[in-house]
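A short write-up of the structure that comes next.
Each reported figure results from applying straightforward, stated rules to the coordinates on display, with no laboratory input. Please read these numbers as outputs of a predicted model, since none were measured by experiment. For neighbour counting, all protein chains shown are included, and Cβ atoms are generated from backbone atoms with ideal geometry for every residue, glycine included.
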Amino acid sequence: MRVNFLCPLCSRENVYVTGEDPQDFTCEHCQSSVRLEVSESVQQRSVVDRCVLCCKDLFFVQKDFNRKLGCAIVLLGAVASVYTYGASLLLAAAVDWFLYYRLPEVTICYFCNSVYRGYTPNPKHKGYDLNIGELVESAIRDQKA
Ligand SMILES: [Zn+2]
Ligand SMILES: [Zn+2]
């Protein structure tokens, strides 16, 4: 399993791969040591149950969709549609749809947005829930206040 997360100090992206020693993880950008709590379930069974960075247990799953790529395809289709009388727009939408359904899913932490890839799915995790998302956001706001 791979976890992409932002360094709590410099907010830049780091990758933790299970099997590596989480004890002495250092940020690859600012070299500060980052405290990772890797649960047994994550380490042994590749099932995400607790966030390695913030230790919370609220996650949602979504397609590993590259938004930039998706937008580029649609944009290309839109530009070309002037010459193809709209046909390319339909084609772009079809390509987008095809890509979307073939994509693997990623698991994301509601609290710190760490992204987990290459795991065994946890049946408890569902798609993004707006209610949970709002609760989490207000919890984070309260923390900062
Ligand atoms: Zn850092
Ligand atoms: Zn987290």
Which residue pairs have Cβ atoms closer than 6 Å, lie 6 or more positions apart in sequence or on different chains, and pair a first residue in segment 120-141 that is closer than 24 Å to VAL47 by Cα with a second residue that is polar (S, T, N, Q)? THR120/SER46; HIS125/THR107
Can you tell me which condition PHE98 does not meet? The list is (1) surrounded by fewer than 10 Cβ atoms within 10 Å (Cβ to Cβ); (2) free of Cβ contacts under 8 Å to residues at least 60 places away in the same chain, and all the others hold. (1)
Given the criteria touching a residue at least 40 places away in the same chain (Cβ under 8 Å) and more than 16 Å from ligand 2 (Cβ to nearest atom), does PRO104 qualify? yes
Report the residue count in segment 29-42 for those that are within 16 Å of ligand 2 (Cβ to nearest atom) and of a type outside the set (Asp, Glu). 7
When (1) closer than 25 Å to ILE132 by Cβ; (2) within 16 Å of ligand 1 (Cβ to nearest atom); (3) loosely packed, with under 14 Cβ neighbours inside 10 Å are applied to LEU6, the one that fails is (3)
